[in-house]
C-alpha cells in the first residue's frame, strides 16, 4: 500500500461515516419538526455549515455533532463561542451568496449520540450564538 492510500478502516474514515450518519439523522429529525433543509455540507475556504434550513421563515445554520458514546463528552461541548461566531458569519455569507430573504438568522446545534442496539439520542439546541 502506498503512503497516499488510506484504508477504509482508519479512524478518520470511521469518524467521517459517523458524522455523515449523524447529519442524516439530524436532518430527518428537523424535517419531522417542520424545518425545510435547503443545503447540506456547504463549504467555503473559511469553513463549513453542516445543514442550512428554514424554520418559520428564519434561516438556520445547524451544527451537527455526533458521538458514538460518552467517551469524548457531550456533543455540545465541542461548540465553543468562537465556533458559534464563525458559524453565524458563514450563515451570513451563505445568505448573501444565495439572495436569501429570510426574516432572520439563527445558529442551532443538534447533538446525536449513537450507541449499538439503541435508538439514537437526539438533542436540539436553538440559538447557540
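All of the numbers you see were taken from the coordinates with simple rules; none came from a lab. What you see is a predicted model, and the numbers here were worked out from it, not measured in a lab. A quick note on method: Cβ atoms are made from the backbone with ideal geometry, for glycine too, and the neighbour counts reach across all protein chains shown.
At a glance:
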read-out	value
Distance histogram for segment 61-129 (every C-alpha pair counted, 5 angstrom bins, percent rounded to whole numbers)	4, 16, 24, 19, 15, 11, 7, 4, 1
Kirkwood hydrodynamic radius of the chain, from inverse mean 1/r over distinct Cα pairs, in Å	15.5 Å
Percent antiparallel among DSSP beta bridges (both partners in the chain, rounded to 5)	65 percent
Cα-based helix-to-principal-axis angle, 11-32 vs the chain, degrees rounded to 10	40 degrees
Distance in nm between pseudo-label sites at residue 10 and residue 81 (7 Å out along the Cβ direction from Cα)	3.6 nm
